[in-house]
Amino acid sequence: MSGPAILQVENLAKRFGGIVATDDLSLEIAAGELHAVIGPNGAGKTTLIAQLSGQLTPDSGRIHFSGADITTLPMYRRSRLGLARSFQITSLFLDLSVLDNVALAVQAHAGHSFRFWRDARREPALRDPARAVLVRAGLSERADQPASALSHGEHRQLELAMALASAPRMLLLDEPMAGLGPEESSAMVTMLRALKGKVTILLVEHDMEAVFALADRITVLVYGRVIASGTPDDIRANAAVREAYLGESEGAHV
Amino acid sequence: MRPALNFRTIVTVVLIAALVLLPLYTGLSGNRFLLTLFTRIVIMALAAVSLNLMLGYGGMMSFGHAAYLGIGGYAVGILAHEGVLNGFVQWPVALAASALFALVIGALSLRTRGVYFIMITLAFAQMTYYTFAGLARYGGDDGLTIYKRSQFVAPIDLSNKTQFYYICLALLFGAIYLVWRLTNSRFGMAIQGARSNDIRMRAIGFPTYRYRLVCFVIAGTLCGLAGALLANQNDFVSPSIMYWTRSGDLIIMVVLGGMATPFGPVIGAVALLVLEEALSGITEYWQIILGPLLLLVVLFARGGIDGLLARADSKVRS
Ligand SMILES: Nc1ncnc2c1ncn2[C@@H]1O[C@H](COP(=O)(O)OP(=O)(O)OP(=O)(O)O)[C@@H](O)[C@H]1O
Ligand SMILES: [Mg+2]
């Protein structure tokens, strides 16, 4: 699993006032791998994803995506390069239908949207791929409901479906299982497993069972700093990780 | 499927029919005043439709939309004052000037959000107001009388009140159709997505600023057309056409009628201006009655009058 790196992060740093949210962080993710980033609450995982996706600008450091320096690229341009993200706190178009949500993500990658006349809701070029993604996400029955009518679990599925709709080369997933029940979680794991290998994934997740079941490699963040990086076996055996993060109780079932 | 007959459709159809047939009634009864009033209502409805495009569909709360009424109106007034009476020159100039103006104001104000956006659009509109109030050559504060309405080719005669009314009405219907097509297009989906969740839009690959800006310019241009009509209707244009209370009236029309609905702003314009006219006939303290009435609609009828009708329909069905 060590192909050429698709994402390279060099000496990334981000502060919020006195808080160091990202501390001289370097990371390489090989094309095709599923790379998990774990760490306690407030470790800087979401802040890292925000910088990778372009929502936040780092104070220093560089980010390369498939060879190009994207450190200062705006969010929409990164999305167009094939870097898609999902949000820890569900971020949807709640007043639009479920299908509209996904169709917008398709539309974003189907040329510019300065098209003023034709009914976009009747364009097969937008609706068909969107429906296909909904089928994969198990949401096809809900296509015509407003997104606000979905349950929390379905919101998480839609969150992922929107990231997938643009056929990205790399996914940045911020806790896709947050708040899911056991059944919904295992459905999400099945979905991620199906994606594994087809698209490079950076997975931030607190569900250790899922992380250790899915990840090719794991990076552990504490206070914005990488304290360990390696295969699941390496991480399980790493004393610093056990002490700083996994603890006895969680380490037990890992 | 929706039943074809419901309150919402009935009200819309009756309103359209009333607007189309109004000149017959005023012609028979000789009530010229009513025709003048409704010409103004139709023009303001056009302005409200343009605001609805950016406020209702685009989520951009401009508190300076009346500025484009002024730009469009003064384009006609100034050209007429300088001896250019040809409508085929005046109106395109009015549209182009409004578009350019909206492009500059939009480019600057769309960098802000929320209250700042409201304040900056208001500030630009007030600046425009004071600029025109200072133009001594064109009447300054007192405004500019337009001695001759825009001239078009043979059968078209804007001084014919009935004809002018129908031209305004046709432009209003045209604008509603335009906005309806726009909002269902890819462009419309993009601006509604940006209204709903701007960060997500950018995260999935939309440069939202550009789409908002184009929406802002289209809305401003359409309002400039309303301004050109209003100047012709009044045979006069003055800075008061773009005073901030006028921008407030436009917002009220959109909210009262129903935001992000194709026909809502027309309902809102008719309701507000007819009510204003009726109440001011009864008492000079009409604003004391109108204010709380508007408050009630905003508080208890989310979605405005159009939303109220839609809800009545779903109650009847269930
Ligand atoms: N916009 C912000 N302004 C100020 N501080 C922030 C901001 N965003 C994050 N922080 C702080 O930066 C640190 C890292 O936060 P971040 O959200 O990245 O953590 P996380 O690892 O995603 O945590 P969790 O597991 O709870 O999601 C925290 O101390 C947080 O309070
Ligand atoms: Mg987080």
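The values are calculated or read from the model by the stated rules, or taken from the named source; none is laboratory data. Because the structure is a prediction, the values reported are computed rather than measured. Virtual Cβ from ideal backbone geometry, glycine too; neighbours counted across all protein chains shown. Note: areas computed on protein heavy atoms with side chains; ligands, DNA, RNA excluded. Shrake-Rupley method; radii C 1.70, N 1.55, O 1.52, S 1.80 Å.
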## Note on the structure
In this structure, the FRET efficiency calculated for A:Arg121 and A:Tyr223 from their beta-carbon separation, with R0 = 51 Å, to the nearest 0.05, is 0.60
### Query
Of the heavy-atom accessible surface of chain A (probe 1.4 angstrom), what whole percent is carbon and sulfur?
51 percent
### Message
Quick check: with the 1.4 Å probe, what order do A:Lys198, A:Lys14 take by accessible area, largest first?
### Response
A:Lys198, A:Lys14
### Test item: B:188-199 mean partner chain Cβ contacts at 10 Å
6
### Task
Quick one: compute the contact order of segment B:248-318, relative version, from alpha carbon pairs under 8 angstrom and 6+ residues apart, as a percent.
33 percent
#### Entry: Rg in Å to one decimal, and Dmax rounded to a whole Å, for chain A via C-alpha atoms
18.4, 62
### Task
Could you do me a favour and compute the accessible area per residue for chain B, 1.4 Å probe, result in Å²?
44 Å²
### Query
Where is the GNM fluctuation largest for chain A (alpha-carbon springs, 10 angstrom cutoff): A:Ser91, A:Ser166, A:Ser79?
A:Ser91
### Query
When the Kirkwood hydrodynamic radius is evaluated over all pairs of different C-alpha atoms of the protein assembly as shown, what value in angstrom, to one decimal, is obtained?
26.7 Å
### Task
First compute the accessible area of segment B:248-318 with a 1.4 Å probe, then give the percent of it belonging to carbon and sulfur atoms.
69 percent
### Query
If packing is taken as the mean number of other Cβ atoms within 10 Å per residue, what is the order of A:103-113, A:26-36, A:120-130, B:275-285, highest first?
A:103-113, A:26-36, A:120-130, B:275-285
### Query
Protein chains only, probe 1.4 Å: how do B:Ile120, A:Ile89, B:Ile176 rank by accessible area, largest first?
A:Ile89, B:Ile120, B:Ile176
### Task
Would you work out which of B:Ala102, B:Thr36, B:Leu229 lies farthest towards the positive end of the dipole of chain B, given +1 charges on the beta-carbon of Lys and Arg and -1 on that of Asp and Glu, about the Cα centre?
B:Ala102
### Values of log10 I(q)/I(0), in the order q = 0.14, 0.22 Å⁻¹, for segment B:95-206 under a Debye, Cα-only, solvent-free model
-0.96, -1.25
### Task
Could you please state how large a percent of the accessible area of segment B:27-80 is carbon and sulfur, counting protein chains only and using a 1.4 Å probe?
68 percent
### Task
Give the angle, between 0 and 90 degrees and rounded to the nearest 10, that separates the Cα long axis of helix A:182-195 from the longest principal axis of the Cα atoms of chain A.
80 degrees
### Message
Modelling each spin label as a point 7 Å along the Cα-to-Cβ direction, I'd like the A:Asp59/B:Gln287 distance in nm, to one decimal.
### Response
5.3 nm
### Query
Helix A:98-108 sits at what angle to the longest principal axis of chain A, using alpha carbons and giving 0 to 90 degrees rounded to 10?
80 degrees
### Message
Please report the antiparallel percentage of DSSP beta bridges with both residues in chain A, rounded to the nearest 5.
### Response
55 percent
### Choice from A:Phe114, A:Phe93, A:Phe65 with maximal GNM fluctuation in chain A (Cα, 10 Å cutoff)
A:Phe114
### Query
Over all residues in A:115-127, what is the mean tally of Cβ atoms on other chains that come within 10 Å of each residue's Cβ?
4
### Task
Rounded to the nearest 500, what is the 222 nm mean residue ellipticity of chain B from helices alone, with -39500 (n - 2.57) per DSSP H run of 4+ residues and division by all residues?
-25000 deg cm²/dmol
### Task
Could you calculate the FRET efficiency of A:Ile89 with B:Ser240 from 1/(1 + (r/R0)^6), where r is the beta carbon distance between them and R0 is 60 Å, rounded to 0.05?
0.80
#### Entry: Whole-angstrom gap from segment A:66-88 to segment B:82-160, using each part's C-alpha centre
42 Å
### Query
In Å² (nearest 100), what accessible area is buried between B and A, both sides summed, heavy protein atoms only, 1.4 Å probe?
3000 Å²
## Note on the structure
When chain A is treated as a Gaussian network with springs between alpha carbons less than 10 Å apart, the largest mean-square fluctuation among A:Thr47, A:Thr72, A:Thr22 is found at A:Thr72
